[in-house]
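Engineer: Mind having a look at this structure? Questions to follow.
The values are calculated or read from the model by the stated rules, or taken from the named source; none is laboratory data. A quick note: this is a predicted structure, and the numbers were derived from the prediction, not measured. Here Cβ is always computed from backbone atoms with ideal geometry, including for glycine, and neighbour counts include all displayed protein chains. The accessibility values were calculated without ligands, DNA or RNA, using every heavy atom of the protein model including side chains. Shrake-Rupley method; radii C 1.70, N 1.55, O 1.52, S 1.80 Å.
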Amino acid sequence: MESGDFMDRERIEKIAETGDDRMLLAKIYEKINTGMQRCIPVSTAFLSPREQEMARFLLGAPEGLYAFGGYGDAERKMLIYLPDYLEESWLTGADSPVICIHADFFREDRLTHRDLLGALMGAGIARQTVGDICVGTGCADFFVTEEIAPYLLQSFTSAGRTALHLKRIPLDSVQVPEPETKELRDTLASLRLDSVVSSGFRIGRGLAAQYISAGKAAIDGLPCEKPDRQVPEGARISVRGLGKIQLAQVGGETRKGRISVIIRRYL
C-alpha cells in the first residue's frame, strides 16, 4: 500500500458493495495509512470475515499489518499495524488493543453465544467493539476493544436473569473454552449449501434455501446467497436466526448413492 495524503477512492468503489462498505473501507484506509506515515501502532475496530476480505483487497499485504482477534482461531479480528520497532509479541502484551474479559456464571443456566451477544447489544455496546464470544459450560471469554473494557467490567453484571462475574485476563494466558456441540449423522444427496443447512438445523430444504437466498447464511464467515454452493469438509456455516453448524466430516457413498456426513451443531 502506498503512503500518501489522498484516498484511493476508485479502488474503494470497486470493492464496496454498499454505502456502509464504502464508509468502512475509507476509515480502514485512513487509519492504517496514518499509522504507516507516522510510524505508530494503530488498530481498526473488530471486523467480520467479509470485512477483513474487503480490507485485504484494498490494502494488500504491507509489512507490519496483522489481523488479530485475541487468539489463534478468532473469527472477528482487528487489523493492527505495527511499525518495525515493535515485535509481533506486542499483540498479546499489556498494550494490545484487544482485551479479553472472562465471565463465570451458574453452569445450569447454560447461556449461549446468542444470549450473551444479545445482552451486550441490549446494554448499548456497539457490535464493532466486540470480537468473538467463546462460550463454555459456566463460563465465557469476551474479546473487546480497550475502550469498552472498563465499562463492561464495572457495569455488565448479568445476561437476562443470569449473574455474570467478570475479570480481565492477559491474552497470553487465555484458554478458550470448548463450545458445547451436538453431533448429527445423516446422508445427503449432495453437499449443496441448502442440503447441509436443512440437515444441520432440521428444517425443510425449501426453507433452508429461503434463508440462504435472503442473505442470512455465511460459509466460514463469508456471506453466500447461492443455495447450490458446494460446502467443503470442515466448513463452518452460520445462519442468522438459526445458529452455527460445521460440516465436520464427509464420508463415502451409501448403496443408494447418498453421501454420509457428520454435522456438528453449536449449542
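Engineer: Would you mind telling me the share, in percent, of accessible area of the range 33-73 contributed by carbon and sulfur at probe 1.4 angstrom?
Structural biologist: 49 percent
Engineer: Over every pair of different alpha-carbon atoms in the range 146-267, take the mean of 1/r and invert it; report that Kirkwood radius in Å.
Structural biologist: For the range 146-267, inverting the mean 1/r across all distinct Cα pairs yields 16.5 Å.
Engineer: Per 5 Å bin, what percent of the C-alpha pairs of the range 55-191 does each bin hold, from zero upward?
Structural biologist: Once binned at 5 Å, the Cα pair distances of the range 55-191 give 2, 9, 18, 20, 17, 12, 9, 7, 4, 2, 0, 0.
Engineer: Hey, another quick one. Given the convex hull over the Cα atoms of the range 137-184, what projected area results after averaging over all orientations, in nm²?
Structural biologist: Projected over every direction and averaged, the Cα hull of the range 137-184 covers 4.8 nm².
Engineer: So, one more: Roughly how big is the chain's charge dipole about its Cα centre, with Cβ charges of +1 (Lys, Arg) and -1 (Asp, Glu), in debye to the nearest 20?
Structural biologist: The dipole magnitude comes to about 1440 debye.
Engineer: Roll a 1.4 angstrom probe over the protein heavy atoms and tell me the percent of accessible area of the range 108-237 that is carbon or sulfur.
Structural biologist: Looking at the range 108-237 in its full context, I get 46 percent from C and S.
Engineer: Oh, and also: Figure the gain on full extension for Gln154 and Ala67 (residue separation times 0.36 nm, minus the Cα-Cα span) and round it to one decimal in nm.
Structural biologist: 28.5 nm
Engineer: Additional query: Describe numerically, in nm with one decimal, the distance between label points set 7 Å from Cα along Cα→Cβ at Asp186 and at Val250.
Structural biologist: My value for the distance between the label points is 1.6 nm.
Engineer: May I pose another question? Taking Rh as the Kirkwood radius computed over C-alpha pairs, what is the Stokes-Einstein D of the range 150-220 at 20 °C in a medium of viscosity 1.002 mPa s, expressed in µm² per second?
Structural biologist: 132 µm²/s
Engineer: Once you have a ≥ b ≥ c as the square roots of the Cα gyration tensor eigenvalues for the chain, tell me rounded if a/c is under 1.5, and otherwise prolate or oblate according to whether a/b is larger than b/c.
Structural biologist: Here the chain falls in the oblate category.
Engineer: Under a Cβ-only charge scheme (Lys and Arg +1, Asp and Glu -1), can you give me the dipole magnitude of the range 102-260 about the Cα centre, in debye to the nearest 20?
Structural biologist: Details: 21 positive and 19 negative charges, 154 e Å.
It comes to approximately 740 debye.
Engineer: Along the charge dipole of the chain, pointing to its positive end and built from +1/-1 on Cβ of Lys, Arg, Asp and Glu, which listed residue (Ile169, Gly35, Leu117) has its Cα farthest out?
Structural biologist: The listed residue farthest towards the positive side: Leu117.
Engineer: Among the lysines, which have Cα under 21 Å from the Cα of Lys244 when same-chain residues fewer than 8 positions away are ignored?
Structural biologist: Those lysines meeting the cut-off are Lys77, Lys182, Lys216, Lys226.
Engineer: Send over a whole-number figure in Å² for the accessible area per residue of the chain, probe 1.4 Å.
Structural biologist: 54 Å²
Engineer: On to the next question. For the range 211-265, state what percent of all Cα-Cα pairs lands in each successive 10 Å bin, counting from 0 Å until the bin that includes the largest distance.
Structural biologist: Distribution as computed: 24, 49, 24, 4 percent.
Engineer: A further question on this structure: Going by accessible area, probe 1.4 Å, with all protein chains left in place, what is the ranking of Lys256, Lys216, largest first?
Structural biologist: Lys256, Lys216
Engineer: Given bins 5 angstrom wide, list per bin the percent of all Cα-Cα distances in the range 1-93, short to long.
Structural biologist: Final binned percentages: 2, 14, 26, 25, 19, 9, 4, 0.
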